[in-house]
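Worksheet: the structure to be examined is printed underneath.
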Amino acid sequence: MKMRAHTLAILIGLLLAPRVMASDSQEITLMKVYKSETCGCCLHWMAHLEEHQISSEGVHPQNLASFKEAFGIAPQFQSCHTGVIDDRFVFEGHVPAKHIKQFLESPPSGAIGLSVPGMPVGSPGMEIGDRFDPYTVVQLNADGTTQPFAQISTPSDQF
């Protein structure tokens with residue numbers, strides 16, 4: 001009986017784990033994306049994540065602004081959606097999957113996540129033909145400070 005309970009606990013842990021293994025042995029990260037139910041660019045960003053082994057689930061809170069505030073995202077760093085991994089790290093706006101993965105591989109001390117403020121044209125989910133506006137991926141820190149994490153000067157910098 002003890003062995004069954006132990007095995008069941010392991011199986012439940014595996015089902016609830018924040019990461020699962022893909023069939024090609026690449027790790028897939030699971031992210032909850034808090035967004036407006038009607039936002040199309042959020043869905044395009046989530047498709048970008050999926051293409052880069054980050055599985056996402058859309059969540060539609062009643063008050064998105066309060067949610068962002070509770071996670072410590074200052075208004076000037078907010079965008080249309082907030083991705084959350086492990087109820088610990090936030091990824092605000094159209095952050096490229098490449099940079100999410102870099103952040104998760106070695107989270108900077110004191111960091112709570114990354115942000116791409118606003119909605120830069122050409123960022124993942126905001127593609128409009130060949131148009132592209134350079135932007136900065138900003139590191140958000142628990143003490144309220146920020147610093148540049150990556151400078152995106154060309155579309156290829158995102159991948």
On the given criteria, is GLU50 among the acidic types (Asp, Glu), assigned to a loop (DSSP other than H, G, I, E, B) and out of contact with any Asp or Glu (no Cβ under 8 Å at 6 or more places or on another chain)?
no
So, restricting to strands (runs of 3 or more DSSP E) that lie completely within the range 78-159, which ones have at least 1 residues that are of a type in the set (Gly, Ala, Ser) and at positive phi?
89-93, 111-116
Evaluate the range 124-135: report whether one residue or more is under 15 Å from the mean Cα position of the chain (by Cα), under 19 Å from THR82 (Cβ atoms), aliphatic (A, V, I, L, M) and surrounded by 14 or more Cβ atoms within 10 Å (Cβ to Cβ).
no
Please indicate, with yes or no, whether at least one residue in the range 57-67 is in contact (Cβ under 8 Å) with a residue 12 or more places away in the chain and buried (at least 20 other Cβ atoms within 10 Å of the Cβ).
no
Filter pass, VAL121 being among the β-branched types (Val, Ile, Thr), crowded, with 22+ Cβ neighbours inside 10 Å, under 19 Å from ASP157 (Cβ atoms) and modelled with pLDDT of 95 or more
no
Suppose we keep only residues that are of a type outside the set (A, V, I, L, M) and touching a Pro at 6+ places or on another chain (Cβ under 9 Å) within the range 36-50. Which one would you say is nearest to HIS81 (Cα to Cα)?
TRP45
Inter-residue pairs, beta-carbon under 6 Å, first without any contact (Cβ under 8 Å) to a residue 40 or more places away in the chain and surrounded by 22 or more Cβ atoms within 10 Å (Cβ to Cβ) and in the range 92-116, second in a loop (DSSP other than H, G, I, E, B) and of a type in the set (A, V, I, L, M, F, W, C), 6+ apart
LEU114/VAL95; VAL116/VAL95
Taking the criterion of being modelled with pLDDT of 65 or more, outside any helix (DSSP H, G or I), among the small types (Gly, Ala, Ser) and under 26 Å from THR136 (Cα atoms), would at least one residue in the range 25-37 satisfy it?
yes
Restricting to the range 103-122, name every residue that is among the hydroxyl-bearing types (Ser, Thr, Tyr) and over 23 Å from GLU69 (Cβ atoms).
SER106, SER109
For the range 61-77, what are the residues that are out of contact with any Asp or Glu (no Cβ under 8 Å at 6 or more places or on another chain) and in a loop (DSSP other than H, G, I, E, B)?
PRO61, GLN62, ASN63, PHE71, GLY72, ALA74
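The values are calculated or read from the model by the stated rules, or taken from the named source; none is laboratory data. Bear in mind that the values here come from a model prediction, so they are computed numbers and not experimental data. Here the Cβ is made from the backbone with ideal geometry for all residues, glycine too, and neighbour counts use every protein chain on show.
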